[in-house]
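A.B. asks: Can you keep this structure in mind? I'll have questions shortly.
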Amino acid sequence: MVLAENGNAENKVLIVSGDIRKEDVMRKTIDETLQKFGRLDVLVNNAGGSISTVIEGNELDGDLSGFDYAMELNTKSVLRLCQLALPHLIQAKGEIVNVGSIVGGKNGTTLGFPFYGISKAAQDQLTRNLAIHYITKGVRVNSVRHKTDFQ
């Protein structure tokens with residue numbers, strides 16, 4: 001907002017819209033960032049969410065479409081974006097910040113709707129593994145855990 005009010009947004013902000021679970025959107029995000037700014041210093045994986053097909057009861061008793069969606073959005077897209085960004089982040093000695101959730105921790109739960117928490121727990125494990133592997137290449141990888149309305 002401040003950038004837009006000062007007339008600087010055009011040079012400092014890039015907006016790429018689309019379904020981040022899709023390979024072409026992920027590639028477009030990285031490619032357009034490099035094209036506009038000439039480098040990539042930080043990747044923030046902030047997209048996340050879930051859908052539930054269960055009206056009553058528990059997701060564990062229903063079909064797996066909600067599980068697939070949560071894993072694709074909260075875990076698989078994070079891994080793939082990291083894979084696409086890492087060559088550039090290694091060159092820049094950059095950073096990755098994955099936005100997790102407290103329900104992904106060992107004491108986290110979302111009663112009746114566990115798929116979101118399961119996918120965020122997987123993201124936490126991914127973050128730890130990326131951190132250990134890529135610190136030797138100069139890239140720091142961390143996670144920030146937040147609380148959501150349904151926790």
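The values are calculated or read from the model by the stated rules, or taken from the named source; none is laboratory data. The model shown is predicted, which means the values in this text are computed figures rather than measured ones. Cβ placement follows ideal geometry from the backbone for every residue including glycine, while neighbour counts extend to all protein chains displayed.
A.B. asks: Looking at this structure, is Val99 aliphatic (A, V, I, L, M), modelled with pLDDT under 95 and under 30 Å from Glu32 (Cβ atoms)?
C.D. replies: Yes.
A.B. asks: If you don't mind, another one. Restricting to the stretch 71-93, name every residue that is surrounded by 20 or more Cβ atoms within 10 Å (Cβ to Cβ) and not aliphatic (A, V, I, L, M).
C.D. replies: Asn74, Thr75, Ser77, Cys82
A.B. asks: Would you point out the residue of the stretch 130-149, among those that are modelled with pLDDT under 95 and surrounded by 14 or more Cβ atoms within 10 Å (Cβ to Cβ), that is farthest from the chain's Cα centre (by Cα)?
C.D. replies: If we take residues in the stretch 130-149 being modelled with pLDDT under 95 and surrounded by 14 or more Cβ atoms within 10 Å (Cβ to Cβ), then Thr148 is farthest from the chain's Cα centre (by Cα).
Quick grid of which residues meet (1) assigned to a helix (DSSP H, G or I); (2) under 17 Å from the mean Cα position of the chain (by Cα); (3) at pLDDT below 95; (4) of a type outside the set (Ser, Thr, Tyr):
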position	(1), (2), (3), (4)
Lys76	yes, yes, no, yes
Leu81	yes, yes, no, yes
Pro87	yes, no, no, yes
Lys106	no, no, yes, yes
Gly117	yes, yes, yes, yes
Ala121	yes, yes, yes, yes
Arg128	yes, yes, no, yes
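A.B. asks: On the basis of being under 16 Å from Ser101 (Cα atoms) and modelled with pLDDT of 95 or more, does Val25 make the cut?
C.D. replies: no
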